[in-house]
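What follows is a short report on a single structure.
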Amino acid sequence: MDEGGGGSSSETDALILEAAQTARVLTVAELQLVLDQVAVAGFDPGARERARGSLAGLRWRGQVLRGADMLPPADAHYLRHAAIGQEWPAGTTLEGYVTSIRAVILDERSGVLISRYQAAWQLTILRRSAELQGPLGFAWVLLDYRLATGHWVTAYQPSRGLLVLQDPRRTNLRWLRRPR
């Protein structure tokens, strides 16, 4: 599925897996191909997440959310991290949140690493939050892209900064590019 990123997700996921499993160093062009594809992947539009916790009682798209309501992941993550969590600047829209994530993925200053999270291979992109840090935000933006689904699974500003990478559920860490 080439969406202008320069390659199919299966090609780019194969590059990611090869780099993870064989420790092969990706060329600059290969890494850019991977990042271009990850940037267009987005959150899975067909998936749904429960509007649990702080989302319950929130007014969204003309209705008051109940804990059992199901939302597209982009909406759920935007509401949790930008609207309620205020990790992003005040006034950030859903479109602005998604656009900012894509910009982080494509930013040459962003670090890129491969790891397993609860046994699933992921590509993680990290960058200092800088202009994306909201009133309750933190120093880094982290995005995880899951190879098994070909989509983003989360994008947020971890309160523990880079220490979040020490989570015991995350194993087999390998940097493809360190953050600058």
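What pairs come out if I take residues in segment 94-110 that are buried (at least 18 other Cβ atoms within 10 Å of the Cβ) and pair them with residues that are among the polar types (S, T, N, Q) whose C-beta lies under 9 Å away, six or more apart or interchain? From residues that are buried (at least 18 other Cβ atoms within 10 Å of the Cβ), the pairs are Ser100/Thr92; Val104/Ser110; Val104/Ser129.
Across segment 25-68, the number of residues qualifying as among the small types (Gly, Ala, Ser) and closer than 30 Å to Arg177 by Cβ comes to 5.
Considering only segment 130-141, state which residues are free of Cβ contacts under 8 Å to residues at least 40 places away in the same chain and either of a type in the set (Phe, Trp, Tyr) or touching a Phe, Trp or Tyr at 6+ places or on another chain (Cβ under 8 Å) (or both). Matches in segment 130-141: Trp140 only. Looking at this structure, is Asp144 open to solvent by less than 30 Å² (accessible area, probe 1.4 Å), at negative phi, in contact (Cβ under 8 Å) with a residue 24 or more places away in the chain and among the charged types (D, E, K, R)? Considered against the rule, which asks whether it is open to solvent by less than 30 Å² (accessible area, probe 1.4 Å), at negative phi, in contact (Cβ under 8 Å) with a residue 24 or more places away in the chain and among the charged types (D, E, K, R), Asp144 comes out as yes.
Per the conditions (1) closer than 14 Å to Ala148 by Cα; (2) modelled with pLDDT under 95, the sole criterion not satisfied by Ala19 is (1). Scanning segment 70-90 for residues that are within 18 Å of Trp152 (Cα to Cα) and not in a loop (DSSP other than H, G, I, E, B) returns Met70, Leu71, Pro73, Ala74, Asp75, Ala76, His77, Tyr78, Leu79, Arg80, His81, Ala82. Contact annotation: residue pairs with Cβ atoms under 6 Å, 6 or more positions apart or on different chains, pairing a residue in segment 157-180 that is more than 13 Å from Gln122 (Cβ to Cβ) with a partner that is assigned to a loop (DSSP other than H, G, I, E, B) and of a type in the set (S, T, N, Q), are Gln157/Ser129. Pairs are defined by a Cβ separation below 9 Å, a sequence spacing of at least 6 or placement on different chains, a first member in segment 41-64 that is in a helix (DSSP H, G or I), and a second member that is open to solvent by less than 50 Å² (accessible area, probe 1.4 Å) and among the basic types (Lys, Arg); the pairs so defined are Gly53/Arg80; Ser54/Arg80; Leu55/Arg80. None of Pro89, Pro45 is open to solvent by less than 70 Å² (accessible area, probe 1.4 Å) and over 13 Å from the mean Cα position of the chain (by Cα) except Pro89.
Residues of segment 118-132 that are surrounded by fewer than 18 Cβ atoms within 10 Å (Cβ to Cβ) and on the phi < 0 side of the Ramachandran plot: Ala120, Glu131. From the list Arg169, Arg174, Arg160, Arg180, the one residue that fits, being open to solvent by 60 Å² or more (accessible area, probe 1.4 Å) and closer than 20 Å to Asp36 by Cα, is Arg180.
All of (1) open to solvent by less than 20 Å² (accessible area, probe 1.4 Å); (2) polar (S, T, N, Q); (3) within 14 Å of the chain's Cα centre (by Cα) hold for Thr12 with one exception: (3).
The values are calculated or read from the model by the stated rules, or taken from the named source; none is laboratory data. Note that the coordinates shown come from a computational prediction; the quantities given were computed from them, not determined experimentally. Neighbour counts run over all protein chains shown; Cβ positions are idealised from the backbone, glycine included. Heads up: the accessible areas ignore ligands, DNA and RNA and are worked out on the full protein's heavy atoms, side chains in. Shrake-Rupley method; radii C 1.70, N 1.55, O 1.52, S 1.80 Å.
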